[in-house]
Every structure is written in C-alpha cells, then in structure tokens.
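Worksheet for the structure shown next.
The values are calculated or read from the model by the stated rules, or taken from the named source; none is laboratory data. Everything numeric in this text was worked out from a predicted model, so none of it was measured. Here Cβ is always computed from backbone atoms with ideal geometry, including for glycine, and neighbour counts include all displayed protein chains.
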Amino acid sequence: MADKEGRSCPLAYRYKPESLCREPAHVSEDVLYIVGGLYGNAFALDEIEAMVRAEERHGHRVKLVFNGDFNWFNADDTLFREINSRILDHTAILGNVDYELSVPNAGAGCGCAYPEYVDQGVVERSNQMMGRLQVVADRHPDIQKKLSLLPRYRCLIFGGLKVLVLHGDPESLAGWGLAHESIASGGEEKLAYWFRATGADLIACTHTCLPVVWSGKVDEKQRIVANNGAAGMGNLRADSRGLVTRIGFTSPFMEPLAAIARPGLHVSLMPVAYDIDAWLAQFDRLWPEGSPAAVSYRRRLTDGTHLVPEGIIFPSFR
C-alpha cells in the first residue's frame with residue numbers, strides 16, 4: 001500500500017460529471033475571484049484581499065471562492081488557525097489536502113493522486129508533509145469539523161453562464177484531467193465530453209500546480225477552462241507571484257498574465273504579488289533546509305516554473 005500512497009485516488013474523491021451542475025447557485029456579484037492552491041500562504045491571502053478591495057474601489061462587487069488546498073505549508077498551530085479561520089469566512093470547497101486533514105483516507109497519503117510522470121521523491125515528500133500537517137490539524141477539531149462540511153465542488157450561475165468550480169477535474173477531486181500537461185497533449189475529446197456531461201460553460205480548477213487557460217467550441221457553444229495553477233507560489237519562469245482566476249463582466253483594472261475575452265465576459269489569470277521576502281522568512285522557519293517542503297518547493301517559491309505566459313493559453317479552432 002505504501003508505494004501507492006500519494007498516487008491512488010480514494011473512492012470518496014470521485015463523482016459523476018452529470019451530477020456537478022444539477023443544483024447551481026446564483027451569484028449576485030459581478031466579479032468572481034477563484035483562489036486555488038493558497039497552500040497556507042497568509043501573505044498571498046493578504047494580497048488577494050487587497051486586490052478585492054481595489055476592485056471594490058473601481059465599483060465592482062467581488063465574490064471570493066476558494067477551490068481547495070488552502071492548507072499545505074501552514075504546519076504551525078497559529079498559522080493553521082489563521083488560514084482556516086479566514087478562508088472559512090468565504091465560499092470554499094475542499095481540495096485533497098483539506099479533505100485529508102478533515103477526514104483522512106487510509107492509504108491516501110497526501111491525496112494528490114500524482115500521475116506516473118511525477119517523480120516518486122516528490123510523492124514521498126508530499127506524504128511526509130501531509131503527516132506533519134495532520135498532527136497539527138488533529139489539535140484543532142473545530143477546524144476539522146468545519147472542513148468536513150465543505151462540498152467537493154460548486155456550480156454557480158454567473159450572468160447566465162454556468163461556472164463549475166472544482167479542485168481537480170469533473171471526475172475526481174484529485175483528478176489531473178485539467179492539468180497543463182493533459183491539455184497541452186491534446187485532450188479535447190475528454191474536455192468536450194465533460195462540458196456536455198456537466199452542462200458547464202466555464203470550468204475553474206486548480207490542484208495540478210501549473211496554470212492553463214483553454215477555450216473552444218463544444219456543440220457550437222464557446223467553453224472555457226481556467227486553471228490558476230497556484231495562488232500561494234510562483235507559476236511562471238523567474239516569477240514568484242501567485243495567480244488567481246478572475247471572472248468578470250468587464251476587463252480587470254490591472255494587467256492580467258493571461259486572459260480570454262468575449263463580449264460581456266473576461267476570464268483572466270491575475271498575478272498575486274505578495275511579500276515574497278516575508279513569506280520566505282516564515283516558510284524557512286516552518287520548513288528549514290533539507291525538510292520535505294524545502295526540497296520540493298523552496299526553489300519554486302523564488303524562481304517560479306519553466307512556463308512563460310504564452311505557454312499557458314490553448315485556443316481551439318474546431
């Protein structure tokens with residue numbers, strides 16, 4: 001079982017695409033911020049809240065939606081309580097990390113369901129991180145209870161469009177079907193199936209840590225996938241900023257890193273320029289050199305990834 005921990009997908013994570021938009025909730029706000037992969041970074045949360053206030057000064061009404069994995073690096077009692085208390089004041093769904101902190105699945109490890117192309121060392125370190133974070137979470141049963149009550153997905157009616165907010169993909173909370181790697185390799189048949197099955201116009205996801213925006217027609221309707229990568233760590237080459245997905249009726253007031261626009265709808269990946277020096281100081285106290293998180297993530301926090309902005313938009317011409 002140990003060799004499957006972190007790669008297997010627990011049955012509790014799975015759902016049917018046809019069920020995801022059966023009970024949509026109407027949204028009265030005119031801007032959505034979808035925040036995935038905060039990873040316990042309170043400085044990124046500070047900046048996101050500042051971005052929301054700036055939107056409001058521009059006359060926009062903003063709804064914050066956290067689509068999972070808001071916990072990860074916050075392996076400290078004070079920070080664990082702070083992150084969860086702040087997030088749970090907003091609309092949220094579970095990510096695999098949050099799920100395993102509230103209702104651990106035997107043999108799931110970190111619950112990441114890593115595909116085979118992810119190095120085994122990464123998987124093992126993530127399992128070790130989860131073990132440490134679960135020890136912290138067990139000291140906060142009130143937070144665990146609140147997490148256990150969160151849904152695995154939400155469907156929102158936004159300006160007449162169905163916006164499906166997920167953590168992973170339309171078949172699993174920890175699915176990788178909407179990963180940058182999956183979309184870049186040409187998974188349009190699967191995308192078309194999921195859009196038909198869910199009835200969604202737009203799917204907002206995260207989980208897989210690399211950003212991607214896809215647009216294309218399915219049954220003569222324009223559809224969009226927006227994966228923000230991570231709000232709490234760098235996503236692009238030589239760029240330590242996080243990203244959030246902004247969905248609005250009008251264009252954003254600041255420059256997005258990637259965007260798709262059509263009349264009356266703007267879907268953008270917005271940079272989260274948090275205080276990287278303050279975050280690194282806190283991260284290094286929690287996860288010193290040689291620790292699982294430092295080995296897996298420290299360089300990404302400072303240097304970002306291999307991606308450039310032009311490499312995250314995938315238009316379809318079908």
query: Restricting attention to the range 22-37, which residues are more than 15 Å from D201 (Cβ to Cβ), surrounded by 17 or more Cβ atoms within 10 Å (Cβ to Cβ) and not acidic (D, E)?
result: V31, Y33, V35, G36, G37
query: Pick from the range 137-158 the residues that are outside any loop (DSSP other than H, G, I, E, B) and among the hydrophobic types (A, V, I, L, M, F, W, C): which of them is surrounded by the fewest Cβ atoms within 10 Å (Cβ to Cβ)?
result: I157
query: Do the conditions hold for A200, that is, is it free of Cβ contacts under 8 Å to residues at least 12 places away in the same chain and either part of a strand (DSSP E or B) or touching a Lys or Arg at 6+ places or on another chain (Cβ under 6 Å) (or both)?
result: no
field: Pairs, first closer than 24 Å to A204 by Cα and at pLDDT 95 or above in the range 67-78, second hydroxyl-bearing (S, T, Y) and surrounded by 22 or more Cβ atoms within 10 Å (Cβ to Cβ), C-beta under 6 Å, six or more apart
entry: N67/T206; W72/Y39; F73/Y39
message: Every residue in the range 262-288 that is over 18 Å from T302 (Cα atoms) and not hydroxyl-bearing (S, T, Y), please.
response: R262, P263, G264, L265, H266, V267, L269, M270
- request: Could you list, in sequence order, all residues of the range 159-175 that are touching a helix residue (DSSP H, G or I) at 6+ places or on another chain (Cβ under 9 Å) and either in contact (Cβ under 8 Å) with a residue 40 or more places away in the chain or assigned to a loop (DSSP other than H, G, I, E, B) (or both)?
  value: K162, L164, H167, G168, P170, E171, S172, L173, A174, G175
- request: Sort out which residues of the range 203-238 are over 15 Å from the mean Cα position of the chain (by Cα) and of a type outside the set (K, R), and write them in order of number.
  value: W214, S215, G216, V218, D219, E220, Q222, I224, L236, A238
message: So the check is Cβ under 6 Å with 6+ separation or different chains; which pairs have a first residue in the range 1-24 that's at pLDDT 95 or above and a second one that's assigned to a helix (DSSP H, G or I)?
response: P17/W194; P17/A197; P17/T198; E18/A197; L20/T198; C21/T198
field: Leading residue by the ranking (nearest to P170 (Cα to Cα)) among those in the range 6-56 that are under 19 Å from the mean Cα position of the chain (by Cα) and assigned to a strand (DSSP E or B)
entry: R14
